Amino acid sequence: MHPTPHSVSSSDSDSDSSLRYSFNPTLLWNPDVHRYFLNAYASDHFSRISTALTRPSRYSCVRVNTMRSTSDAVIEKLRALVAKESSEALMGESAEFEANPLKDDDDDDGGGGGPVVSKCRIPGLEYVLFVWGSGPHNIDYGYECDRPPPKEVIVSRKCAEAVLRGAQVYVPGVLACSAHVEKGETVAVSVAVEQQGTDGAWSTGMTRGTVLQGSQTDPYYFERNGLYIGQGTAMLSRAGMFRVSEGVGVDMKNRVYELHSFHNVLEGEIFLQNLPSIVAAHALDPQMGERILDMCAAPGGKTTAIAILMKDEGEIIATDRSHNKVLDIQKLAAEMGLNCIKTFKLDALKSVRPRNEIDTSTGPCCSNANNGVPNHVSGLPNLQVETVSSIVTERLINENVEENGKVEKANDKAYVSKADIRKNMRRMRNGPGRSHSVGARVDSSKGFSPDSFDRVLLDAPCSALGLRPRLFAGVETVESLRKHATYQRRMFDQAVQLARPGGVIVYSTCTINPGENEALVRYALDKYKYLSLAPQHPRIGGPGLVGRCEFPDGYVEEWLRPGEEDLVQRFDPSSPLDTIGFFIAKFVVGSKDA
């Protein structure tokens, strides 16, 4: 029986400082989820996956905006930036790790030993660049058995995950600090991971501002063994870290993993994106002049990748249910100078417009997206825009309402309360609320006509159990994983209706959970006989999982059948490619009349 998850830990002994002051986390899972993944992957393989998930990839993947620049030009700029960042030598030696097939032995940045910036050698992906980092490094924290322990700052788990990817320690992420830390002092940085309390709830159990004495009576002293992520310089005194609300708290100097930050770097010319996400856009194989739907499109990485592959000629409809996330898509499209992207606020579960509301007007596809300003879409066929100022006087009967992950049924009667009328009047008088006050308008859509898109990308919201580094996984249960899968099937049902016969649907997730991956493929092929799996190019991921899983409650989850495994791409975080966990399936839509 796998132990009940309580933390990410390594050793409960403090007898060896090399064990305490190190980075050697173990990712613990909910026991039922652990058994499920053992069934899917086998013990050794799943152990490697769990270990890989706690570490970041050792390189950053950068997509060049070929509408504005070239790979060679960006390589020169990045090499100059990276060389400047790397002027100070790393302290501590790097552990050995498996060679990455994406990195050629003769790659050289010309900087005399600095980190490498190289071009992807995979055909068709020459505009993708890799900026190679290093790690894990063994950091000397200055511990001596006959002296007081190093001064220390404890950060939140989310802060630590960002630091492992190259970020600094910002003040909001600081939870605790040693007494008498002054600005300019060197401090060790460790992480507090959520613990499960007696009531079953998860929390760090630590009050922000806690004073550390460096003794075994400190909160979660033993649980922090093997959870030290580096060493830095305090940019504020201890009091200052808990007095201000923003800014850098610790400037990281020696990191367990050295990766380069690309915040505000070459905006409009590059976009930092995981390699499997770029491959998903290629799998869609968008063609110039086509009409494409990107469901759940925020923050817009795949949307802009598709637009560039289309040479910015055609029409991409990018939707998301969040107002501010739609604004993020608009901002990115404008930043990259792309005009074929039109954005709408739309719940993916309502992507198909009811037939009795379909506008039969005709008109040319609009090729100009008004990013950052209102969309003008009166010429778009089969599309109705719902203005923010409209007062709702009628509601659809039996409308599905999706909010906070819970699906509720609307009242059977078409009724508008006086409270709703007053709320809408206040909205018109006072303007949008905080969630809509970013400074730009977002148009809402009531959905699209069936068979109205050449290609549909559904990068579905998921359990995200493939993202890395990940220092906490205990909250997911078998029941929650099933809920993710149910939600994804409902979204896929919408995608199938919107893709025309002869069209393409690409489904992708960033999770290692086969219930959200292979089981979705099985559902799709069994329910929609006119769908078939199609080969993907480029193909650099591994095969899918074949078989099934029977749960103790009698539930049976069917995965792929023999012969289908090589038609999907599964990216394994423990593989030499060193990517996030990711899954891609490509479907061709046959005749729906059969």
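The values are calculated or read from the model by the stated rules, or taken from the named source; none is laboratory data. Because the structure is a prediction, the values reported are computed rather than measured. Positions of Cβ are backbone-derived with ideal geometry, glycine not excepted, and every protein chain shown enters the neighbour counts. The protein model used for the area step is the full one, side chains on, heavy atoms only, and it has no ligands, DNA or RNA in it. Shrake-Rupley method; radii C 1.70, N 1.55, O 1.52, S 1.80 Å.
Report, in listed order, any pair from Lys342/Lys529; Lys158/Lys325; Lys483/Lys529; Lys77/Lys345 with a Cα-Cα distance greater than 27 Å.
On the way: Lys342/Lys529 32 Å; Lys158/Lys325 20 Å; Lys483/Lys529 25 Å; Lys77/Lys345 36 Å.
From Lys342/Lys529; Lys158/Lys325; Lys483/Lys529; Lys77/Lys345, over 27 Å: Lys342/Lys529; Lys77/Lys345.
Take Asp146: with every protein chain present and a 1.4 Å probe, its accessible area is about 120 Å².
The stretch 289-303 and the stretch 198-234 have Cα centres spaced 42 Å apart. Of Lys483, Lys311, the residue with the largest accessible area leads and the full order is Lys483, Lys311 (1.4 Å probe).
Which number do you get for Rg(Cα) / (2.2 N^0.38 Å) in the stretch 489-581? It would help to have the intermediate numbers written out before the result.
Numbers: Rg = 13.9 Å, N = 93, 2.2 N^0.38 = 12.3 Å.
Cα-based Rg divided by the globular estimate yields 1.13.
Model label points for Asp526 and Ala239, set 7 angstrom from Cα along the Cα-to-Cβ axis, are 6.6 nm apart.
The share of accessible area on the stretch 241-314 that comes from carbon and sulfur is 44 percent, using a 1.4 angstrom probe.
How high is the FRET efficiency from Leu272 to Thr26, r the C-beta distance, R0 35 Å, rounded to 0.05?
So, using R0 = 35 Å, E works out to roughly 0.75.
For the stretch 479-594, with all protein chains in place and a probe radius of 1.4 Å, 55% of the accessible heavy-atom surface sits on carbon or sulfur. Neighbours of Gly474 by Cβ distance under 12 Å: Lys/Arg scored +1, Asp/Glu scored -1, total -1. Of Met235, Met206, the residue with the largest accessible area leads and the full order is Met235, Met206 (1.4 Å probe).
Where only protein heavy atoms count, and the probe is 1.4 Å, what is the accessible area per residue for the stretch 122-177 in Å²? The partial results should precede the final answer.
Working: 2240 Å² over 56 residues.
Solvent-accessible surface per residue comes out at 40 Å².
Once you treat every alpha carbon in the stretch 471-512 as an equal point and sum by Debye, what is log10 I(q)/I(0) at q = 0.23, 0.24, 0.32 Å⁻¹? Each listed q corresponds, in turn, to -0.86, -0.90, -1.16.
Can you give me the accessible area per residue for the stretch 216-255, using a 1.4 Å probe, in Å²? Numbers along the way, then the final one.
Details: 1610 Å² over 40 residues.
Value for the stretch 216-255: 40 Å² per residue.
Can you tell me the accessible area per residue over the stretch 438-594, all protein chains present, probe 1.4 angstrom, in square angstrom? Let's see the in-between values first.
Values: 5480 Å² over 157 residues.
Per-residue accessible area for the stretch 438-594 comes out at 35 Å².
How do Lys342, Lys350 rank by accessible surface area computed with a 1.4 Å probe, from largest to smallest? Numbers along the way, then the final one.
Numbers: Lys342 0, Lys350 70 Å².
Of Lys342, Lys350, the descending order of accessible area is Lys350, Lys342.
In the complete set of protein chains, residue-level accessible area for Leu332 is approximately 20 Å², probe 1.4 angstrom.
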